[in-house]
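Q: Provided herewith is a single structure, encoded as structure tokens, for subsequent inquiry.
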Amino acid sequence: MRSSLAPAIRLLRVVSRDSWYRGSIIVLTFLFYTSYHLSRKPISVVKSQLHRNCSEIPNPPANISENDTTWCSWPPFDQSNYKALLGSLDTSFLVAYAIGMFISGIFGERLPLRYYLSGGMVVCGVFTAFLGLGYYWNIHALWYYILFQILNGLAQTTGWPSVVACMGNWFGKGKRGFIMGIWNSHTAVGNILGSLIAGAFVSTAWGLSFIVPGIIIGSFGIICFFFLVECKSLKCCPLVWVCGYCALMPCSVPVPCSVPVPCSVPVPCSVPRSVPPFCTPLYKCRLFLAAHFDPKKAGDMSTLFDAGGILGGILAGAISDYTGGRAITCSIMLILTAPMLFIYNQFGQTAVSTTVAMLILCGMLVNGPYSLITTAVSADLGTHESLHGNAKALSTVTAIIDGSGSIGAALGPTLASVLSSKGWNYVFYMLIVADLLACLFLARLVYKEIKELCPCFRKAQGNSLTLKHSNSGTCD
């Protein structure tokens, strides 16, 4: 008697090749962008090691004076202006990222995504590792760390437009919010893993906090080169007019054709939807945690915000798919964020359990709209009918939206460092104002969605149209 096929083999035969490709795209792009965020995270963990309160370290060297509280810090961050120097590292990265994002989408639209993404990850790995090598090479020049922060910020812009464009090529517009909500958890997962990996080495040899994540993202770049299938087939790749040739980008070598196809097309409604990420309070209150808890505990607790962000992204995507109102979903969550930030400021530091609960809740409410805007909304815009099937424009649309959010990310730490000197209440007031501005910029889209979803609005609009026809004496 012959045995039947093994269950796993039957499953392999039942699942179509297209489904396998879709699954691989979800997994690969998830891992790729996880590695991007993983490699960004070490600087926020290592900063606590660059300037420490050395008086708390037992058994200092014999030649150290009792009044010297900076002997264990890493020059030049041992000076009294260390906050400004550490802030310059964040600002240099974020400004370079914001500027580079507006340029990166253009390159991502015209270059093969597989090459662009894999090359970007390898370059990010190299620049991240160079930051860690400063520890082993005993480099104390500020320009060295700022330089590689800038280079890394520019290289990091290769990731987001590319992975969103790959997802847009494989998944249609139906129920995309839920899929993107699950998929967008890579940001939080990368932050969590980056904190844990960097924290494992920060107390012994902080150079490894950069080198290990650099090796990880570089390795994923190699995997991307060999395994990524960025579009369904040659036919799915849009025609792009490149130097007198009609190119099936990125799936084939350009070949001559008779009719030029423009490679740049209008981007529909991108600016209004790109503003909310700029205003969303994404600073995540990590400065607040660092001020009230020791560095390691603050880093560990900040991962709870990202854990809440995973739930928030999935919840926002599912609700927007069910209701069909992406802007409405974003606005409701943003409106709820403002009182939660106020409550967190008042009671967040009273007990560890309260801090944990508020971090998770705030993470859900903040990351939900951010996830929805930067993924599902980006994909919807990038596949808009006005783009005439040019799915590669999705890369540019995504870059514009994320680039706008990056400007806010660059301004946030700068404003927070200034306001925190006057009191932490002002930092939270800034975040609440930013949150309300996000709601304000979404108001027009919310009104439009309410008219489309509410039968009362449609009925009133229909009655108005009927009255207009009756007064004119004509009816089509």
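Q: Only one residue in Leu311, Leu359 is under 23 Å from Gly194 (Cβ atoms), modelled with pLDDT of 85 or more and within 21 Å of the chain's Cα centre (by Cα), so which one is that?
A: Leu311 is the lone residue from the list that is under 23 Å from Gly194 (Cβ atoms), modelled with pLDDT of 85 or more and within 21 Å of the chain's Cα centre (by Cα).
Q: Residue pairs, Cβ under 6 Å, 6 or more apart or interchain, first in the range 88-109 and assigned to a helix (DSSP H, G or I), second hydrophobic (A, V, I, L, M, F, W, C) and open to solvent by 20 Å² or more (accessible area, probe 1.4 Å). List them.
A: Close Cβ pairs (under 6 Å, with a partner that is hydrophobic (A, V, I, L, M, F, W, C) and open to solvent by 20 Å² or more (accessible area, probe 1.4 Å)) amount to Ser92/Ile146; Ser92/Ile150; Leu94/Ala409; Ala96/Ile150; Ala96/Leu154; Ala98/Ile407; Gly100/Leu154.
Q: Let me ask something additional. Would you say Tyr145 is closer than 17 Å to Lys47 by Cβ and of a type outside the set (A, V, I, L, M, F, W, C)?
A: So Tyr145 passes the test.
Q: Pick from the range 329-350 the residues that are crowded, with 19+ Cβ neighbours inside 10 Å and hydroxyl-bearing (Ser, Thr, Tyr): which of them is nearest to Leu442 (Cα to Cα)?
A: This residue is Ser331.
Q: Among the listed residues Ala205, Ala198, Ala141, which satisfies the condition of being at pLDDT 85 or above and out of contact with any helix residue (DSSP H, G or I) (no Cβ under 7 Å at 6 or more places or on another chain)?
A: Ala141
Q: Among the residues of the range 25-67, count how many are assigned to a helix (DSSP H, G or I) and more than 24 Å from Trp183 (Cα to Cα).
A: Number of matching residues: 11.
Q: Quick check on this structure: which one of Leu142, Leu131, Leu147 is more than 20 Å from the chain's Cα centre (by Cα) and buried (at least 24 other Cβ atoms within 10 Å of the Cβ)?
A: Only one candidate passes the filter, namely Leu131.
Matching residues to (1) over 23 Å from Ser162 (Cβ atoms); (2) in contact (Cβ under 8 Å) with a residue 12 or more places away in the chain; (3) touching a helix residue (DSSP H, G or I) at 6+ places or on another chain (Cβ under 8 Å):
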position: Leu11; (1), (2), (3): yes, no, no
position: Val15; (1), (2), (3): yes, no, no
position: Asp18; (1), (2), (3): no, yes, no
position: Asn53; (1), (2), (3): yes, yes, no
position: Ile57; (1), (2), (3): yes, yes, no
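Q: Hey, could you check the range 106-128 for residues that are open to solvent by less than 20 Å² (accessible area, probe 1.4 Å) and in contact with an Asp or Glu (Cβ under 9 Å, 6 or more places away or on another chain) and say which is farthest from Ile222 (Cα to Cα)?
A: Leu113
Q: Name the residue, out of Ile103, Ile57, that is more than 30 Å from Cys231 (Cβ to Cβ) and either open to solvent by 30 Å² or more (accessible area, probe 1.4 Å) or among the β-branched types (Val, Ile, Thr) (or both).
A: Ile57
Q: Confirm whether Gly221 is in a helix (DSSP H, G or I), under 21 Å from the mean Cα position of the chain (by Cα), at pLDDT 90 or above and crowded, with 18+ Cβ neighbours inside 10 Å.
A: Spelling it out, Gly221 is indeed in a helix (DSSP H, G or I), under 21 Å from the mean Cα position of the chain (by Cα), at pLDDT 90 or above and crowded, with 18+ Cβ neighbours inside 10 Å.
Yes/no matrix, rows are residues, columns are (1) open to solvent by less than 20 Å² (accessible area, probe 1.4 Å); (2) more than 29 Å from Ala155 (Cα to Cα):
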site	(1), (2)
Leu50	yes, no
Ser65	no, yes
Trp74	no, no
Leu85	no, no
Ser88	no, no
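The values are calculated or read from the model by the stated rules, or taken from the named source; none is laboratory data. Please read these numbers as outputs of a predicted model, since none were measured by experiment. When we count neighbours, we look across all protein chains shown, and the Cβ atoms used for this are built from the backbone with ideal geometry, even at glycine. For accessibility, only protein heavy atoms count, side chains too; no ligands or nucleic acids. Shrake-Rupley method; radii C 1.70, N 1.55, O 1.52, S 1.80 Å.
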